[in-house]
1. Considering only residues that are open to solvent by 50 Å² or more (accessible area, probe 1.4 Å), part of a helix (DSSP H, G or I), more than 12 Å from I151 (Cα to Cα) and aliphatic (A, V, I, L, M), which ones fall in the range 176-194?
2. Exactly one condition in (1) more than 16 Å from F117 (Cβ to Cβ); (2) open to solvent by less than 70 Å² (accessible area, probe 1.4 Å); (3) assigned to a loop (DSSP other than H, G, I, E, B) is false for V1; which is it?
3. Identify all residues within the range 24-49 that are open to solvent by 60 Å² or more (accessible area, probe 1.4 Å) and not aromatic (F, W, Y); write none if there are none.
4. Under 30 Å from I191 (Cβ atoms), open to solvent by less than 50 Å² (accessible area, probe 1.4 Å) and at pLDDT below 85: is that true of G52 in this structure?
5. Being open to solvent by less than 60 Å² (accessible area, probe 1.4 Å) and not in a strand (DSSP E or B) is the filter here; which residues of the range 156-174 pass it?
6. So which of L72, L59, L9 ends up being of a type outside the set (D, E), modelled with pLDDT under 95 and exposed (fewer than 14 other Cβ atoms within 10 Å of the Cβ)?
7. Of (1) in contact (Cβ under 8 Å) with a residue 12 or more places away in the chain; (2) in contact with a strand residue (DSSP E or B) (Cβ under 9 Å, 6 or more places away or on another chain); (3) aliphatic (A, V, I, L, M), A194 satisfies all except one. Which?
8. Which one of these does R138 not meet: (1) within 24 Å of L14 (Cβ to Cβ); (2) in contact (Cβ under 8 Å) with a residue 60 or more places away in the chain; (3) in a helix (DSSP H, G or I)?
Amino acid sequence: VTVTRNKFLTQQVLTATGLPCPVKVFVNAASGLYQAVERVGGYPVLVKPVSGRQGSGLLRLADADALRRQALPILNRRHGLLVQRFHPPQQRQDIRALVIGGELVCAATLTPAKGDFRANFHIAGQIRSTDLSDDLGRLAVDAARAVGCDIAGVDLMVDGGGRPVVVEVNYSPGFKGLEAASGLDIAGRMIRFAAARHLQSERHGK
């Protein structure tokens with residue numbers, strides 16, 4: 001939880017284990033913002049808080065003027081911001097994978113609502129169950145394992161060139177949409193996993 005609450009720390013942990021992630025730059029000074037845009041490949045860019053959930057605080061900036069007007073006012077030296085290259089919805093595939101106990105349970109593709117660029121699980125315009133390839137399934141499981149989460153919602157993106165990356169790992173994943181899309185009893189599965197883990201710890205304790 002400590003790792004996944006911080007998007008920058010999550011990125012460090014994932015890349016340290018060799019998992020592919022989007023190029024992100026952490027900045028906590030105004031001069032660093034403009035340098036970060038160059039490092040990720042230029043405009044448009046995404047600017048996001050280091051800690052935040054459900055798409056809150058996420059900005060899509062098209063040029064330096066937008067960066068000055070929207071990002072600079074919210075830049076805090078203590079908390080900082082993350083700058084990332086923006087991929088338009090039509091040039092990417094957004095996937096939420098649910099991992100429980102080191103096993104891929106289900107996955108769904110997310111399509112942003114019309115006029116929106118965010119494929120956040122809670123605000124996606126369309127959520128559709130999908131079967132992941134073996135490679136994508138392993139990537140989701142490896143990401144959850146890397147950050148140490150027994151239950152995790154792993155956000156994957158496949159860019160226009162077919163390259164998959166781990167965007168985020170969520171320690172408290174919403175599953176209402178996944179249940180509806182997959183038809184699985186995800187809540188029940190989480191409860192059974194937690195109960196089994198508790199019994200296991202009790203046996204080891206004795």
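1. Listed by number, the list holds a single entry, A180.
2. Going through (1) more than 16 Å from F117 (Cβ to Cβ); (2) open to solvent by less than 70 Å² (accessible area, probe 1.4 Å); (3) assigned to a loop (DSSP other than H, G, I, E, B) one by one, V1 breaks only (2).
3. So in the range 24-49, the residues open to solvent by 60 Å² or more (accessible area, probe 1.4 Å) come out as 26, 31, 34-35, 38-39, 43.
Within the range 24-49, S31, Q35, E38, R39 meet the criteria.
4. Values: under 30 Å from I191 (Cβ atoms): yes; open to solvent by less than 50 Å² (accessible area, probe 1.4 Å): yes; at pLDDT below 85: yes.
So G52 fits the description; yes.
5. In the first step, residues of the range 156-174 are kept if they are open to solvent by less than 60 Å² (accessible area, probe 1.4 Å); the result is 156-159, 162, 164-170, 172-174.
Scanning the range 156-174 gives G162, S172, P173, G174.
6. On the way: L59 fails: exposed (fewer than 14 other Cβ atoms within 10 Å of the Cβ); L9 fails: exposed (fewer than 14 other Cβ atoms within 10 Å of the Cβ).
Going through L72, L59, L9 in turn, just one is of a type outside the set (D, E), modelled with pLDDT under 95 and exposed (fewer than 14 other Cβ atoms within 10 Å of the Cβ): L72.
7. Of everything listed in (1) in contact (Cβ under 8 Å) with a residue 12 or more places away in the chain; (2) in contact with a strand residue (DSSP E or B) (Cβ under 9 Å, 6 or more places away or on another chain); (3) aliphatic (A, V, I, L, M), A194 misses just condition (1).
8. Here R138 meets the rest and fails (2).
The values are calculated or read from the model by the stated rules, or taken from the named source; none is laboratory data. Remember, predicted model here, so these are calculated numbers, not experimental data. All Cβ positions, even for glycine, are placed from backbone atoms using ideal geometry, and neighbour counts span all protein chains on display. Side chains are part of the model used for accessible areas, which takes the heavy atoms of the whole protein and leaves out ligands, DNA and RNA. Shrake-Rupley method; radii C 1.70, N 1.55, O 1.52, S 1.80 Å.
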